[in-house]
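The values are calculated or read from the model by the stated rules, or taken from the named source; none is laboratory data. Quantities reported herein were computed from a predicted structural model and do not represent experimental measurements. Note that we place each Cβ from the backbone using ideal geometry, even for glycine, and neighbour counts take in every protein chain shown. Side chains are part of the model used for accessible areas, which takes the heavy atoms of the whole protein and leaves out ligands, DNA and RNA. Shrake-Rupley method; radii C 1.70, N 1.55, O 1.52, S 1.80 Å.
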Amino acid sequence: MKTMQSLQIMKTNARTAGILYLIIIISGLFSEMFVRSGIIVPGDAAATAGNITTHSFLFRVGFISDLVMVMSDVGVALLLYLLLKPVNQGLSMLAAFFRLAQATVIGINLLNFYLPLLLLGEGDYLSSFSGEQLNALSLLFLNAHSYGYLISGVFFGISCIFLGHLIFRAEYFPKWLGALVVAAGISYLIDCVVNFLFPELASTSEILVITVAVISELSLCLFLLIKGVKTTVLLK
C-alpha cells in the first residue's frame, strides 16, 4: 500500500510539473513570438515606441504572461526536486536552486520590460525629456531586458545540466530524455557566452537554442504530461 501511495504521489507530481511546464512554454512563446517580436523593431526607437503606444494592452498582456511563466517555473523547480530527490538529494536541490535563481533574474528583469510603458505614458515628471529621448530610453530598456534573459539562461543552463544528469540516472525516466536536457543546458550556456563575447555569431547560437532546447523541453513536458514516470520500474 505504501508503495502504491508513493507511486501515485510521484505520478501526480510529474503530471502537475508537466502542466506547469506546458504553461511555461505557452506563456513564454506568446510573450516572445506574439508580443516582443511584433512590437520591438531592432534599432528603430521611434517605430518601437509607436508600436508600444498603439498596442499598449497587448504589451501589458505580454508582461502578465511572463509573470505567469515565472510563477509556474517556481512550481516546476519544487516538483522536479521532489521527483528526483531519491536519485541524489543534493544535486536535485542544486538544480532547483539554479532554476529558482533563473526565475528570480527573469522576475526582476521584467522591470526593464515594463519601464517603456512608464516612459511613454503621460506624466509631468517626464516633461524634461524630449520625445526622441523617451523613445531611445524605451528601446534601451527593452535591449537591457533581452540581455537580462541571456543572463538568466546561465542559471537555467546549469540547472538543466544537473537536471538532465539526474533524469539520466533515474530508473523511472528514459536515459534519452536526460541526455536531451543536458544538451539543452549546454546550448543555453553557449548562447550566453556567444552573445556576450562574440555577438557577431549570436544568430548561429540562437538557432542552436531554438532547435536543441525547444526539442528537449517539449519532450520533457510531454513525457511528464503523458507518461509521468515509468511505473513498471517503480513497481519492481
Check: For I215, all conditions in the list (1) among the hydrophobic types (A, V, I, L, M, F, W, C); (2) surrounded by fewer than 16 Cβ atoms within 10 Å (Cβ to Cβ); (3) more than 30 Å from Q89 (Cβ to Cβ) hold save one; what is the number of the exception?
Finding: (3)
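Per-residue answers, yes or no, for (1) within 22 Å of G153 (Cβ to Cβ); (2) modelled with pLDDT of 95 or more:
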site: M33; (1), (2): yes, no
site: G38; (1), (2): no, no
site: P42; (1), (2): yes, no
site: L78; (1), (2): yes, yes
site: S92; (1), (2): yes, yes
Notebook entry, point to check: Looking at (1) farther than 27 Å from S138 by Cα; (2) open to solvent by 20 Å² or more (accessible area, probe 1.4 Å), which is the one condition that is false for A96?
Noted result: (2)
Checklist line | Selection count where residues are outside any helix (DSSP H, G or I) and open to solvent by less than 40 Å² (accessible area, probe 1.4 Å), scope region 185-210 | finding: 0
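Listed here are the residues, each with its yes/no results for (1) at pLDDT 90 or above; (2) under 16 Å from A179 (Cα atoms).
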position	(1), (2)
E200	yes, no
L220	yes, yes
F223	yes, yes
T232	no, no
L235	no, no
Next item on the list: May I ask you to verify whether N88 is surrounded by fewer than 17 Cβ atoms within 10 Å (Cβ to Cβ), of a type in the set (S, T, N, Q) and touching a residue at least 12 places away in the same chain (Cβ under 8 Å)?
Entry: yes
Check: Would region 66-79 turn up any residue that is surrounded by fewer than 16 Cβ atoms within 10 Å (Cβ to Cβ) and of a type in the set (S, T, Y)?
Finding: no
Checklist line | Conditions (1) surrounded by 21 or more Cβ atoms within 10 Å (Cβ to Cβ); (2) in a helix (DSSP H, G or I); number of the one not met by L222 | finding: (1)
Note to self: So, in region 108-120, exactly how many residues are under 15 Å from D66 (Cα atoms) and open to solvent by less than 30 Å² (accessible area, probe 1.4 Å)?
What the structure shows: 3
Checklist line | Those residues of region 155-184 which are assigned to a loop (DSSP other than H, G, I, E, B) and either of a type outside the set (A, V, I, L, M) or within 16 Å of R99 (Cβ to Cβ) (or both), in sequence order | finding: E171, Y172, F173, P174
Notebook entry, point to check: Residues in region 135-184 that are over 18 Å from the mean Cα position of the chain (by Cα), open to solvent by less than 30 Å² (accessible area, probe 1.4 Å) and under 25 Å from M33 (Cα atoms): how many?
Noted result: 2
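Can you tell me which residue among L58, L29 is of a type in the set (A, V, I, L, M, F, W, C), over 22 Å from A103 (Cβ atoms) and out of contact with any Leu (no Cβ under 9 Å at 6 or more places or on another chain)? Don't jump to the end; show me each part of the working.
Details: L29 fails: over 22 Å from A103 (Cβ atoms).
The match here is L58.
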Margin query: Pairs please, first residue from region 35-46 and buried (at least 18 other Cβ atoms within 10 Å of the Cβ), second anywhere and not hydroxyl-bearing (S, T, Y) and not in a helix (DSSP H, G or I), Cβ atoms under 7 Å, 6+ apart in sequence or on different chains.
Written below: I39/H55
